[in-house]
Each structure stands twice: as structure tokens, then as C-alpha cells.
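Written below as C-alpha cells is the structure these notes are about.
We did not get these values from a lab; they are worked out from the coordinates using the rules stated. Values in this document were obtained by computation on a predicted structure and should not be read as measured data. All Cβ positions, glycine included, derive from the backbone under ideal geometry; neighbour counts span all protein chains shown.
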Amino acid sequence: MPVVTVDWWSGFGEDKRRQLARSVTAAVVEVTGCRADSVTLIIRDIERDHWARGGVLAHEREAAAPEAGAPEAAAPEAGAPEAAAPEAGAPEAAAPEAAAPEATEASASGSS
Ligand SMILES: O=C(O)/C=C/C=C(\O)C(=O)O
């Protein structure tokens, strides 16, 4: 009975929540092999004044650079703003294969 929680900024509408529910559920089913009706998704809308990164509240960061982080301004259909321009310090941007367990398994099976 997998339970997935997504915390994201308030502003996405019901269509986006429905799309997220379908996509996340499909991904969990694909990965685990469980039934779709056993997957629970909890979506929590967080106001930007209750969200801080790097010690700065998001609404204050947005006020300083409005185009930098608002999902509405960054075409949410295309994915998170970070997906389009990963930050230099993000581990997944630096070496995605290093963190993937499949890479280790593939190497192990290939060498035996
Ligand atoms: O930059 C952050 O700290 C958070 C960004 C969050 C979103 O873009 C979102 O929930 O849509």
C-alpha cells in the first residue's frame, strides 16, 4: 500500500492535481508491480510564505526575482523549473549515474 506525499506550492489547479495523481500512480505501479487502487497520493499545497529554502521564505525570494520560481511563470506542464535548468549544486545534476542502484547492479552482473 504505497503512500506518496507531494508538497508543492499552492497554485496548481485540479487538472494538475489529477494529472499528478495519474502520473505518480502509474510510476508506483510500474516500479512496484502493485495495483493502482492500492496507491495513495497525498497532495499538499503549501503557501510560499510557509516554504523556505536556504533560509529565505519563498515569497520573499520571488519578490526579489519573480520569474525565478513561480510554477505558473515556468510552464508547469513542462515540469519543475529545476528540470529545465538544474542548479549546479544539485547532486542529480552532477552525476546522476553515481546515485543509481541499477548502475551498481548492472556492473556487478556484468563482471560475474
Ligand atoms: O524553490 C523552491 O524552494 C521550491 C520550489 C517549488 C516549486 O516550484 C513548486 O512546488 O512548484
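Note on Arg44, Arg17: ascending count of other Cβ atoms within 10 Å places them as Arg44, Arg17, the fewest first. In plain terms, if you count all Cα to Cα distances in the range 1-46 and split them into 5 Å steps from zero, the share in each step is 5, 23, 32, 20, 12, 7, 0 percent.
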